[in-house]
Amino acid sequence: MADVVLKNVRKSFGAVDVIKGVDLEARHGEFVVFVGPSGCGKSTLLRMICGLEKITSGQLLIGDEDMSDVEASDRGTAMVFQSYALYPHMTVAENMSFALRMAKAPRAEVDKRVRRAAEILQITHLLDRKPKDMSGGQRQRVAIGRAIVRAPKVFLFDEPLSNLDAELRVQMRVELSKLHNEIGATMIYVTHDQVEAMTMADKIVVLRDGLIEQIGSPLDLYTAPDNRFVAGFIGSPQMNFLQGQVTGVSGIEVQVAVPDAPDHILRVPLRRTAQVQVGQNVTVGIRPEHFLGTPEGPGLEVRIDVVENLGGIAYAYGKTNAGQELILKAESERPPHSGMVVTASINDAYCHLFDDAGQTLSTSAGAIRLRDAAA
Amino acid sequence: MADLPMMPAQRTRMTTSFFRKHKLLLMPLAFIAPAFAMFSLFVIYPIIQSIGLSFTQWQGIGPKTWVGLNNYRMLFNDAVFWTSLMNNVYWLVLFLLAPVFGLFVALFLNQTVFGIRLVKSLFFFPFVVSQIVVGIIFAWFYDPAFGLLATVLEPIGLDMPPILSDETLATFGIILAGLWPQTAYCMILYLTGLNSVNPEVIEAARLDGAKGWQLLVKIVLPQLRAATFIALVVTIIGALRSFDLVAVMTEGGPYNSSNVLAYYMYDNAIFRYRMGYASSIATVLFLIMNVYIVWFLMRLWNNEKGTR
Ligand SMILES: Nc1ncnc2c1ncn2[C@@H]1O[C@H](COP(=O)(O)OP(=O)(O)OP(=O)(O)O)[C@@H](O)[C@H]1O
Ligand SMILES: [Mg+2]
């Protein structure tokens, strides 16, 4: 059963098309994360789901009912805003109970639900405080509590943790995941944070310019991006991109020459649907961790500029002989130092190939293994 | 002799260290001193002088005679004083409509609709115009022979009373004129207040099911408390010191029916040379205002304590 369904949903502000036809399903209890560059329409999409913005065309179903023209307060959704948007003149308890009081719920019921939500979020001792007397993290909890009290079918979060400091962010991230397990409601979550997206999502929706680029599980998107945009957007540090040319096709395998690594011909498995010709220009994508650890034999010569050692892992930023920037993962115990020239040999099986339009041509080993594990 | 140059050096060190020790106390005092001196000279001293004057009989020149409470005794037996006081009460009560109207105009103007800037500047207009001009415009407007109001009402067959020369209507005619710029003033205060309301809070309230009247009363108004407070203070003080409109539109007439304390005081001082009597009116007005000023200061005091 799907809790939220969007069918060819569009939104225009005057002459500006912001959402250009989005189809999406969130199953009951699913944690869906929207990611995408700033201005791609993530917030607008959330606001349309909860009813703060009218849908220009298309259909929105929540719990199998058409909600396109239903009042925002009657959709069974609750929103948590980035700015928390607490009512400054009300105490925490009043903030949390406001929706129920508006709906004229019986007092005992209101008290019970506020108390329960406060217990879940461990803010019982704050119930009589005003928002201005609390820390950012506490306000965030109250904002979430205000949503929980309404017992909505669907929770909507618009970058809820982006105003918190790094440590609190990690803590709240874990608590939100726990909360999701506990309540089991459908949640739709907008974030700019790679880690939040990868760790919390059942399903990530990558948006660009008002269109969906790809929908899938975090690992799906990581191992088998449908196009170059998704490949570059998911993963941090970013995937490396190199120019290449097809030198031969044999069955499901394609051979690619990369000018930066003249003595190494890459052999990459193709997608079944992909059409490739000899001589065609392609872009080769390799994640920083998919260079072979002990460089023996042919590879790319990389002059290292900067090394970031994070303790557990290290990333080396450098340039190839042709001046192409490259990021390599390195051992943190024996990292290269800047100025050093290293040979990075490419792990063919984990390469991604993209055609000139940015569509993916290859299946990487990661994707194959993922598929095998699922089967 | 060799010690001598040491002396001043030592003394400066001593004074600087004294100054340093008490810096937190001295600096604020030093900053307040000039303003306090001016305020004492031009506000507090005249108030005291005026109160003193109210116990004398004086024609502006010549000798002052001490008459004790005589002026006040006369005042309380003066029908014009009571009319003026009553009119001030009307001003006060009806002027409180200004914050209400101001709020609604501000809510209306706070939308983002095409052309709202032009409409806004039109609403600012009466605030920019001098009270004197407002008075003259309204006097023309009310003119029973050629005024706009008469011109509009006549074709409908309604008879136009001569508002400003009608004993019962004159005060209300002036108050209406006063409400116009006062509403604009309150509107500006509320517009500024609305600017600082987080739109996401309003959206959250909409999601929580508040709409229309409830949204206004339960969410928007509480966040406009600061603006409401200032609007009330300014309006009350404005009503009590109403003077220019009365002076321009009726000079207190007909037969003192539209007089107010401030104008009656002016009338006694400037046209009848009864400085002592005028001062006693001023003192009564001052006492009435003090009620509000004390209220205002107490609110400020409590707020300060709250933010600490
Ligand atoms: N009320 C509006 N009128 C006109 N354009 C708007 C309006 N609201 C949003 N937009 C435009 O719609 C686009 C998408 O906005 P939206 O806020 O959904 O982006 P976003 O993906 O949430 O970005 P961010 O990550 O920065 O929050 C932007 O280009 C924005 O300028
Ligand atoms: Mg946004």
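The values are calculated or read from the model by the stated rules, or taken from the named source; none is laboratory data. None of these values were measured; they are calculated from a predicted model. Note: ideal-geometry Cβ built from the backbone for every residue, glycine included; neighbour counts use all protein chains shown. Side chains included, ligands, DNA and RNA excluded: accessible areas come from the protein's heavy atoms. Shrake-Rupley method; radii C 1.70, N 1.55, O 1.52, S 1.80 Å.
A compact table of results
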{"item": "Among the candidates A:VAL16, A:VAL4, A:VAL80, residue that is within 12 Å of ligand 1 (Cβ to nearest atom), at pLDDT below 95 and either closer than 26 Å to A:ARG169 by Cα or more than 9 Å from every other protein chain (Cβ to nearest Cβ) (or both)", "result": "A:VAL16"}
{"item": "Residue check for A:GLY36: over 30 Å from A:ARG141 (Cα atoms), in the same structural domain as A:ASP193 (by TED's automatic domain parsing) and either within 15 Å of ligand 1 (Cβ to nearest atom) or without any contact (Cβ under 8 Å) to a residue 60 or more places away in the chain (or both)", "result": "no"}
{"item": "Per-region count, segment B:216-236, residues within 14 Å of chain A (Cβ to nearest Cβ) and among the small types (Gly, Ala, Ser)", "result": "2"}
{"item": "Test: residue in segment A:165-175 that is within 16 Å of ligand 1 (Cβ to nearest atom) and open to solvent by less than 20 Å² (accessible area, probe 1.4 Å)", "result": "no"}
{"item": "Top-ranked residue in segment A:191-214 [being within 16 Å of ligand 1 (Cβ to nearest atom) and among the β-branched types (Val, Ile, Thr); ranked as nearest to A:VAL174 (Cα to Cα)]", "result": "A:THR191"}
{"item": "Which numbered condition A:GLU25 misses (of (1) over 18 Å from A:PHE13 (Cα atoms); (2) within 11 Å of chain B (Cβ to nearest Cβ))", "result": "(2)"}
{"item": "Criterion violated by A:THR91 - all others in (1) within 18 Å of B:ALA210 (Cα to Cα); (2) more than 11 Å from chain B (Cβ to nearest Cβ); (3) without any contact (Cβ under 8 Å) to a residue 12 or more places away in the chain satisfied", "result": "(3)"}
{"item": "Test set (1) more than 14 Å from every other protein chain (Cβ to nearest Cβ); (2) within 16 Å of ligand 1 (Cβ to nearest atom); (3) basic (Lys, Arg) - A:LYS112 fails condition number", "result": "(2)"}
{"item": "Residue under evaluation A:GLU30, criteria (1) under 29 Å from A:THR199 (Cβ atoms); (2) within 12 Å of ligand 1 (Cβ to nearest atom); (3) in contact with a strand residue (DSSP E or B) (Cβ under 8 Å, 6 or more places away or on another chain), criterion not met", "result": "(2)"}
{"item": "Residues located in segment B:23-74, provided they are in a strand (DSSP E or B) and either aliphatic (A, V, I, L, M) or open to solvent by 60 Å² or more (accessible area, probe 1.4 Å) (or both)", "result": "B:GLN57, B:THR65, B:TRP66"}
{"item": "Scan of segment A:24-58 for residues that are among the charged types (D, E, K, R) and within 16 Å of ligand 2 (Cβ to nearest atom), ordered by number", "result": "A:LYS42, A:ARG47, A:GLU53"}
{"item": "Residue among A:PRO152, A:PRO88, A:PRO160 that alone is in contact with a strand residue (DSSP E or B) (Cβ under 8 Å, 6 or more places away or on another chain), assigned by TED's automatic domain parsing to the domain that holds A:GLU196, more than 16 Å from ligand 1 (Cβ to nearest atom) and under 28 Å from A:THR44 (Cβ atoms)", "result": "A:PRO152"}
{"item": "Checking A:SER162 against (1) within 13 Å of B:ALA204 (Cα to Cα); (2) modelled with pLDDT under 90, the condition it does not meet", "result": "(1)"}
{"item": "Selected residue (criterion: nearest to A:GLU213 (Cα to Cα)) from residues of segment A:42-77 that are at the interface with chain B (Cβ under 8 Å from one of its Cβ atoms) and among the hydroxyl-bearing types (Ser, Thr, Tyr)", "result": "A:THR77"}
{"item": "Boolean, A:THR283 is hydroxyl-bearing (Ser, Thr, Tyr), part of a loop (DSSP other than H, G, I, E, B) and more than 21 Å from A:LEU219 (Cα to Cα)", "result": "no"}
{"item": "Residue within segment A:96-106 that is in contact with a Phe, Trp or Tyr (Cβ under 8 Å, 6 or more places away or on another chain), within 13 Å of chain B (Cβ to nearest Cβ) and in contact (Cβ under 8 Å) with a residue 40 or more places away in the chain present", "result": "yes"}
{"item": "Residues that are at negative phi and open to solvent by 60 Å² or more (accessible area, probe 1.4 Å), drawn from segment A:199-221", "result": "A:THR199, A:ASP202, A:ARG208, A:LEU211, A:ILE215, A:LEU219, A:ASP220"}
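One line per residue, one yes/no per condition, for (1) within 16 Å of ligand 2 (Cβ to nearest atom); (2) farther than 27 Å from A:GLY366 by Cα:
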| site | (1), (2) |
| --- | --- |
| A:MET172 | no, yes |
| A:LYS178 | no, yes |
| A:THR186 | no, yes |
| A:GLN194 | no, no |
| A:ALA197 | yes, no |
| A:ASP202 | no, no |
| A:VAL205 | yes, no |
| A:GLY216 | no, no |
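Let's see how each residue does on (1) within 30 Å of the chain's Cα centre (by Cα); (2) within 28 Å of A:GLN280 (Cβ to Cβ); (3) outside the structural domain of A:VAL276 (by TED's automatic domain parsing); (4) open to solvent by less than 40 Å² (accessible area, probe 1.4 Å):
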position: A:LEU292; (1), (2), (3), (4): yes, yes, no, no
position: A:ASN309; (1), (2), (3), (4): yes, no, no, no
position: A:VAL341; (1), (2), (3), (4): no, no, no, no
position: A:ASP348; (1), (2), (3), (4): yes, yes, no, yes
position: A:LEU353; (1), (2), (3), (4): yes, yes, no, yes
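A quick yes/no check of all residues on (1) buried (at least 18 other Cβ atoms within 10 Å of the Cβ); (2) outside any loop (DSSP other than H, G, I, E, B); (3) among the small types (Gly, Ala, Ser):
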position	(1), (2), (3)
A:PRO88	no, no, no
A:SER97	yes, yes, yes
A:LEU100	yes, yes, no
A:ALA105	no, no, yes
A:ASP111	no, yes, no
A:ALA147	yes, yes, yes
A:PRO152	yes, no, no
A:PHE155	yes, yes, no
A:ASN163	no, no, no
